[in-house]
1. Of all residues in region A:141-179, which are open to solvent by 10 Å² or more (accessible area, probe 1.4 Å), at pLDDT below 90 and not in a loop (DSSP other than H, G, I, E, B)?
2. Does region A:54-80 hold any residues that are open to solvent by less than 10 Å² (accessible area, probe 1.4 Å), in contact with a helix residue (DSSP H, G or I) (Cβ under 8 Å, 6 or more places away or on another chain) and within 14 Å of chain B (Cβ to nearest Cβ), and which are they?
3. Select, from B:THR207, B:THR178, B:THR214, the only residue that is within 14 Å of chain A (Cβ to nearest Cβ), open to solvent by less than 20 Å² (accessible area, probe 1.4 Å) and polar (S, T, N, Q).
4. Could you tell me which of the residues A:ARG302, A:ARG323 is within 18 Å of A:SER256 (Cα to Cα), outside the structural domain of A:TYR241 (by TED's automatic domain parsing) and either modelled with pLDDT of 90 or more or loosely packed, with under 11 Cβ neighbours inside 10 Å (or both)?
5. Just wondering, is there one or more residues in region A:239-247 that are modelled with pLDDT of 90 or more, closer than 24 Å to A:GLY70 by Cβ and open to solvent by 10 Å² or more (accessible area, probe 1.4 Å)?
6. Among the candidates B:ALA162, B:ALA115, which residue alone is within 14 Å of chain A (Cβ to nearest Cβ), of a type in the set (A, V, I, L, M) and either under 24 Å from B:SER64 (Cα atoms) or open to solvent by less than 40 Å² (accessible area, probe 1.4 Å) (or both)?
7. Would you be able to tell me the number of residues in region B:140-159 that are more than 11 Å from chain A (Cβ to nearest Cβ) and open to solvent by less than 20 Å² (accessible area, probe 1.4 Å)?
8. Being free of Cβ contacts under 8 Å to residues at least 24 places away in the same chain and assigned to a loop (DSSP other than H, G, I, E, B) is the filter here, so list the residues in region A:344-367 that pass it.
Amino acid sequence: MATSSTPPFIAFDQSLLPTPSTIDVRGIVRRHGAVLAVDQVSFQVRRGEFFSILGPSGAGKTSVLRMLAGFEDPDEGDLLIDGQSMLGVPPNRRPVNLVFQSYALFPHLTVFENVAFGLKMRRVASALIEAQVRQALTMVKLFGKEARRPAQLSGGEQQRVALARALVNKPAVVLLDEPLAALDQQLRQAMQVELKSIQQQAGLTCVCVTHHQEEAMMMSDRIAVMHQGRMWQVGSPREVYERPCNLFVSRFLGVSNELPGRMGGPIGEDRLFQPIDADQPPLTVRTLTSEQAGRPATLSLRPEQLRMARERPMTSGPVLSGRIEKVLFAGSDTKYLVRVGPERVWETRMTSDASLPSFTAGDPVFLHWSLPDGRLFFE
Amino acid sequence: MKRGWAGLSVVSILVMVFLYGPILVLVVYSFNAAHLSMAWRGTTLKWYAALLHDEALLAATANSLLIALVSTLGATCLGGLLALGMEQMPHRRQQMIEGGLVLPLVIPEVMMGVALMLFFVMLKLPLGILTVMLGHIVFNVPLVTIMIRTRLRKLDPALREAAADLGADSWQVFRHVTLPLLRPAIWGAVLVAFTVSLDDFLVTFFTAGPGGTTLPLKVYSMIKSGVTPEINALSALLLLISMTCVALSLHVQRREV
C-alpha cells in the first residue's frame, strides 16, 4: 500500500552504477581577464564513451578541452583523469592526446614520423614503433602513405593522420577539437561514420568539442550543451533533443517552433494555455508540475512533431490554425513555413512524396500535434 | 592597356640599366688587357691571376672571411636566442625591443661607426680585428633577429602545443619541432649576415686598427693610387660572392620547411 511519502519507482539506471569514470571534472572555473570563460562546470566521462561538448563559439567549450589537455589551468575546481588530479601536470605528462582543429601536423616530418612522434618522445624501441605506427595507419586506412609529407595529403587524409598520431599512444582519453570542421560536407559525413566506428572498435574514450549539433548527435553517447561558460544540460542525444532543459538548448539543438503565452486553468488532467496572440484560441498542454494560472510560459515544438491538414482535424488535442507562407523543396523533404500569428512563423517538414496531398503557398492549414510532445518552458 | 605595359617595361629596363650598368662595366673591364686605360686591348684573366700573388690582398681576404664568419656566428646565436626569448615576453615589451632593434638599421652608418669606435676606445679595447668582429655583430644582430622572428611568428602555435601534447618536454619541442621549422630562416639569416659583414665599409673603417684591414678597406686604399684593373677584378669577385650568398639566402627561405 503506497502512501504519499514513498518515493516513486525509479527505473534502474545503468549509469548510476559506479562504473569507472575516466574523466571527472569538478566545478572548474576559468577566467580570461574579466571574462568568465568557464563557470562552475562539472561532468564525468565514462570509459569507452563518446562525449561531446556542444555550444556556439565563445561558449567556453574549447577552454574546457584545453584544460583537459593541460594547456590552460583552471582558476578553481579540480580535474581528474583515471582518479588522478591533473592540476599542475604539464601537457606532456597527461594521459590524453588532442586532435587539433587545424590538425597541427608537423610539416617537416613524413606521415610515418608524424605518427611515430609520441612514441619516439617516450623512447619506445624503434622496432615497436614501426609495428605500432603501421597498425595505427591501417586503422585509419592510410597504409602505404607513410613516406608522404602532410602537404601532399588531402584534407581528409590529414585528418586521419592527426587521428592516428593521437591513437598510436593509446591515451586514456582522446580529445577532439572540432575534428571535422575543416572538411567539406560529404567528406564530413563519411568521416562521422568512420570516426565513430574507429572509436567503438578501439573502445576509445573521446571528448569532442563541436558547434555542429547534427555531428554531435550522430557521434555521441552523451552530449553536454554549453553556453556562456556554463554547462546547461548533459544527456543522451535523444534526451537533449527531445527534452531540452531550457529554450536555449531547445533552439540550439534544432528548430524550435515557439508560442509564448500564459498558463490557464485545468482541463481534465491537463491544463489550458492561452497564446499571447489574441486571435489564437487556448490550447491544451500537459505539464508534470502544477504551475500557477497566469504564469508566463513558452510552448515549443519540433518541426517533425507537427502534422499539417487542410481541414480542422477531428481531434481533442491541440490545434493551431495558420496559412502557408513559403514552400521550400529540399530534395527528400519539403519545408513549409506556416504563419500562425502576426509575428510568428512555424516550420514543419513533410516527405516529398508525390502521392501525398501537396500544399502551396497561401493555403490555409491546421497544425496539430500529440499532447505530450508540446514542451513548456517557464522563465 | 597594351601600350601601358610597353611603357612600363621601357621604364623597368631603364631602371635596370641604371642600377646594373656601372657594375656591368666594372665586371667587363676586369677582363681588359689594357693597363690604366679605358681602351679595349683584348680579353685577359691576368688581373685575376695578379690578385692571387698580392700578399696584402690575400691577408685582407683572410681577415674579411674570418670577420664575416665569426660575426655571423655570434650574431646568429644572439639574434636567434633573442627572437626565441621575445616570444615568451608580454606584448608591450616585445614592441619595445622591436623598436630598439630597428633603430641601428635606420641611423646613419657613419654614426654607428663613430659611436662604436668611441665606445671601444673608452673601454680601452685596442682597435683591430676583434673590434671589427664586435662591430659587425652589433649591426647583424637586428637583421638576424628580425628574420628569425618573422618566421617564428608565422609558425602555427598549435604545432608546439601538439608536440607537448604528444609527450615532448620543452627541450624536445625545440629540438624536434621549433628548430627544424626555423632552419630555413636561420640559414637565410646566416647568408645575409655573412654578406653584409663581407661588404661592410663604414663600421669596419672606424673600428679597424692595424691588422684589421678587410677587402673593402683594401679596395679603398688601392683606389687612392688610381683605379687599376686589379681593383676591377677584386670587386667583381666580391660581387660574385655577395650575389651568390643573397641568392642562396632567398632560395633557402623560399623553400617550404
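The values are calculated or read from the model by the stated rules, or taken from the named source; none is laboratory data. Computed from a predicted structure; not experimentally measured. Positions of Cβ are backbone-derived with ideal geometry, glycine not excepted, and every protein chain shown enters the neighbour counts. Heads up: the accessible areas ignore ligands, DNA and RNA and are worked out on the full protein's heavy atoms, side chains in. Shrake-Rupley method; radii C 1.70, N 1.55, O 1.52, S 1.80 Å.
1. A:GLY155
2. Matches in region A:54-80: A:ALA69 only.
3. Unique residue meeting the criteria: B:THR178.
4. Details: A:ARG323 fails: within 18 Å of A:SER256 (Cα to Cα).
That would be A:ARG302, the only listed residue that is within 18 Å of A:SER256 (Cα to Cα), outside the structural domain of A:TYR241 (by TED's automatic domain parsing) and either modelled with pLDDT of 90 or more or loosely packed, with under 11 Cβ neighbours inside 10 Å (or both).
5. Taking every residue of region A:239-247 in turn, none turns out to be modelled with pLDDT of 90 or more, closer than 24 Å to A:GLY70 by Cβ and open to solvent by 10 Å² or more (accessible area, probe 1.4 Å).
6. Values: B:ALA115 fails: within 14 Å of chain A (Cβ to nearest Cβ).
Criteria check complete, one pass: B:ALA162.
7. Matching residues across region B:140-159 total 7.
8. A:SER352, A:ASP353, A:ALA354, A:SER355, A:LEU356, A:SER358
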